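The values are calculated or read from the model by the stated rules, or taken from the named source; none is laboratory data. It should be emphasised that the depicted structure is a prediction, and the values quoted were computed from it without experimental measurement. Here the Cβ positions follow ideal geometry from the backbone for every residue, glycine too, while neighbour counts run over all protein chains shown.
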Number of protein chains: 2
Amino acid sequence: MAQSVRQPQPPRRDPLTRDRVLRAAVALADDGGIESLSMRKLADTLGVVPMALYKHVANKEELLDGMIDGVIAEIDPPIRGASWKTTVRQRILAARQALLRHPWASRILESRPNPTPAQLDYLNSMIGLFRAGGFSIGLAHHVAHTMGSRLFGFTQALFDDSGSVDPEALEQMAPTYPYLVEMATAASHDDGSVVGGGCDDQYEFEFALDLLLDGFERLKQRQSRK
Amino acid sequence: MAQSVRQPQPPRRDPLTRDRVLRAAVALADDGGIESLSMRKLADTLGVVPMALYKHVANKEELLDGMIDGVIAEIDPPIRGASWKTTVRQRILAARQALLRHPWASRILESRPNPTPAQLDYLNSMIGLFRAGGFSIGLAHHVAHTMGSRLFGFTQALFDDSGSVDPEALEQMAPTYPYLVEMATAASHDDGSVVGGGCDDQYEFEFALDLLLDGFERLKQRQSRK
DNA sequence: AGGGTACGTGTACGGCGTACACTTTGTCAA
DNA sequence: TTGACAAAGTGTACGCCGTACACGTACCCT
């Protein structure tokens, strides 16, 4: 009798796996923001006691690394048979899409002390694209640095919230930040009628991307010429 | 008698001020990293009980904003009478120096949800430089975005630790990350003899900066021509 | 039958940010 | 001189966090 009872019992919910844990963590961070991701809440959503997680990830740091790797895995692989420029362009835009889907990801990414294999893979393949496109090692190196550097440091937030600029607030700011206000109003007028709207981030990103890619191309030509 | 005793008593250490708090916080973060900055430790170093801090800053968030503003205040003001390109170049390099002095700053900066007045000032004056240099509003806008965008997202860490690359480890990585290894070894050979050393970050940064500035200049010329 | 292994649990600890009520100190008017 | 008031610092306490460690429980293989 005891033998006939095989599966029934308490349905014994399917066991945790590292993958289930990572997925749940990403989902939790996606809605609610990264600061609402704690081991305890994560365990809750998985219907499990906090310490159970530690059978699948070493600690929270490793959890974060795993989440990042998941995001990187979402980046489409390079297309084949196109020019270096097209391929790099597509790759970068794909990476951007992945990071936009998980707004917490870039911040975590930048706070991680050492890169995971997935990150190394991505960078390696990116450099491979340039090498295959005819860039010298040295130039590929410069180019990689250029793509990784941000000149301002603190700018993004300003453009992020451009979706809703209160014209009244703008007027109040005008004496103190004339250029910012000028820019904000100009951007609003550009894209149609509504004062909200702000500027098109995707367009701006591609603008920057193309400016750099063109710069790279010029450098490459100079390189082969000499 | 009781009257004659004015200052002596317990020397009554000079009182906390918002400024002293911020300074101590920056110092604590500078050596020890940002993660070792807690309200409690900060209070300790000031010889005070944790809650005393809250008489001078509203909460930890505001403390961080205040620290950031301190860093921004360290950025040299724009030089006068030079071309837009020279001025912008100097300003950006000055900002970089300030951020390098406080390695925690860029991460905090990027995690802050809304910009402080000091940040707005900085950005406003930067855009002013472009406007004064003859850039149209629209172009200044594009340029600002370009300077604020980072194409890779996750690259910096790779170059940071380039100070000490173990050649043996490099050899081991070669099959998996051929391009990275190729680049690392090439960079090491470049700058003299030692395999350590890695690449010159300052040089790479200026390379990227100049590439962009040249790109901006070309855009500006095209703008005036049409 | 029994022992090993993988998985989940329970309890506990030290650290964190900070609310709230308090004492202490310095200032100034009466 | 006094006494009221504000500003500065204190003490206690709460709820959150990550996670060490010892323990149960379910399954597999001999």
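Residues in region A:81-124 that are over 17 Å from the mean Cα position of the chain (by Cα) and in contact (Cβ under 8 Å) with a residue 12 or more places away in the chain were compared, and the one that is farthest from residue A:27 (Cα to Cα) is A:83. Of all residues in region A:85-121, those being more than 18 Å from residue B:149 (Cβ to Cβ), facing chain B (nearest Cβ under 9 Å) and in a helix (DSSP H, G or I) number 5.
What number of residues within region B:32-52 satisfy the criterion of being assigned to a helix (DSSP H, G or I) and under 25 Å from residue B:101 (Cα atoms)?
If we filter region B:32-52 for residues that are assigned to a helix (DSSP H, G or I), which is where we start, we get B:34-36, B:39-45, B:50-52.
Pick out the ones that are also under 25 Å from residue B:101 (Cα atoms) and you get B:34-36, B:39-45.
Total meeting the criteria: 10.
Residues checked against (1) modelled with pLDDT of 90 or more; (2) surrounded by 17 or more Cβ atoms within 10 Å (Cβ to Cβ):
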site	(1), (2)
A:124	yes, yes
A:134	yes, no
A:140	yes, yes
A:144	yes, yes
A:149	no, yes
A:152	no, yes
A:180	no, yes
A:187	no, yes
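Say we look at region B:36-59 and pick out the residues that are basic (Lys, Arg) and near DNA strand D (Cβ under 10 Å from one of its atoms); which of these is nearest to the other protein chains (Cβ to nearest Cβ)? Checked region B:36-59; the qualifying residue nearest to the other protein chains (Cβ to nearest Cβ) is B:40.
Would you check which residues across region B:60-81 are of a type outside the set (A, V, I, L, M), within 14 Å of chain A (Cβ to nearest Cβ) and within 13 Å of DNA strand C (Cβ to nearest atom) and list them? Don't jump to the end; show me each part of the working.
Here is the first cut: in region B:60-81, the residues of a type outside the set (A, V, I, L, M) are B:60-62, B:65-66, B:69-70, B:74, B:76-78, B:80-81.
Next, from what is left, pick out any that are within 14 Å of chain A (Cβ to nearest Cβ): B:60-61, B:65, B:69-70, B:74, B:78.
Result: B:60, B:61, B:65.
Residues in region A:154-177 that are modelled with pLDDT of 65 or more and more than 7 Å from chain B (Cβ to nearest Cβ): 12 in all. Among the residues of this structure, residue B:51 counts as one that is more than 12 Å from the chain's Cα centre (by Cα) and within 16 Å of DNA strand C (Cβ to nearest atom). Within region A:1-29, the set of residues being surrounded by 14 or more Cβ atoms within 10 Å (Cβ to Cβ) and either in contact with a His (Cβ under 6 Å, 6 or more places away or on another chain) or modelled with pLDDT under 95 (or both) comprises A:16, A:18, A:21. Using the structure shown, decide if residue B:99 is within 16 Å of DNA strand C (Cβ to nearest atom) and either in contact with a helix residue (DSSP H, G or I) (Cβ under 6 Å, 6 or more places away or on another chain) or more than 25 Å from residue B:20 (Cα to Cα) (or both). Spelling it out, it is not the case that residue B:99 is within 16 Å of DNA strand C (Cβ to nearest atom) and either in contact with a helix residue (DSSP H, G or I) (Cβ under 6 Å, 6 or more places away or on another chain) or more than 25 Å from residue B:20 (Cα to Cα) (or both).
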